[in-house]
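Okay, structure first, notes after.
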Amino acid sequence: MAALVTRAASQPQRRVLGIDPGSIRTGWGVVELSGARARGIAAGVIRVPDRAPIATRLEQIHAGVQAVLAQYRPDAVAIEDIFFARHAQAALMLGHARGVVLLAAAQAGLPIAAYPPAVVKRAIVGSGKADKQQVARLVGAVLQLTELPAVDATDALAIALTHLNAARLAV
């Protein structure tokens, strides 16, 4: 166990911004690793008007992510990977939103990691088929949150936790 703590203490990526991208709601959550303990720093949702033109929504998402990056100064960004959607238009919109998040992280010079939803669920709950409420409850328990944020923000915290665990386990 001491080796794990020593390894975690030597990791340069100790504060992670997790992002759950969406073209109307983009969840974000900042998790910090102190020794072997993760703690939630902040979480929220960037909400944009659903009837606004896509270019306007993307601009607002980009600006929102830049503001979070500037305020919380993470060492890395972890984002939910694209999954296969039933509707091509929905997948395209998600891809656009994900793209502006990746752009903001790249502009900040931060390393970026992507995790598929099933991997995040498996890392947090132990099952890739877990529902959002199971993920939210376990994220709240791990981070000892007294109140759960919105589901998009909880998903983002789960993505950040997944990245921190992956970084700790990397050889």
Per-residue HN-Hα couplings for region 62-77, Karplus 6.51 cos²θ - 1.76 cosθ + 1.60 at θ = phi - 60°, whole Hz, x for Gly and Pro? 4, 5, x, 5, 4, 5, 5, 4, 5, 6, 9, 6, x, 8, 7, 10
If you count, for each residue, the other Cβ atoms within 10 Å and average over each peptide, how do 45-56, 71-82, 119-130, 152-163 line up from highest to lowest? 152-163, 71-82, 119-130, 45-56
Return a whole-number percent for the relative contact order of the chain, with Cα pairs under 8 Å and 6 or more residues apart as the contact set. 31
Per the rule of 0.36 nm per residue minus the C-alpha distance, extending residue 55 to residue 108 adds in nm 17.0 nm
Options (1) 23, 19, 16; (2) 28, 16, 13; (3) 26, 18, 14 are given for semi-axes √(5λ) of the Cα gyration tensor in Å, and the computed one is (3)
Along the Cα→Cβ direction, 7 angstrom out, place labels at residue 47 and residue 89. What is the inter-label distance in nm? 2.4
Does region 76-168 come out rounded, prolate or oblate by the C-alpha gyration tensor, with a ≥ b ≥ c the root eigenvalues, rounded set by a/c under 1.5 and, if not, prolate when a/b is larger than b/c and oblate if not? oblate
Tell me, what ³J(HN,Hα) does each residue in region 116-126 have, in order and in whole Hz, if you take phi through Karplus 6.51 cos²θ - 1.76 cosθ + 1.60 with θ = phi - 60° and put x for Gly and Pro? x, x, 5, 5, 4, 4, 5, 5, 8, 9, x
Furthest towards positive pole of dipole, 17, 36, 108, structure part the chain, Cβ charges: 36
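Is there a quick way to get the dipole size of the chain? I mean about its Cα centre, with the Cβ of Lys and Arg at +1 and of Asp and Glu at -1; what is the value in debye to the nearest 20?
280
Just so you know, all these numbers are worked out from the coordinates, no wet-lab data involved. This structure is a prediction, so every number in the text was calculated from the model and none was measured. Every residue, glycine as well, gets a Cβ built from its backbone with ideal geometry; the counts of neighbours run over all protein chains shown.
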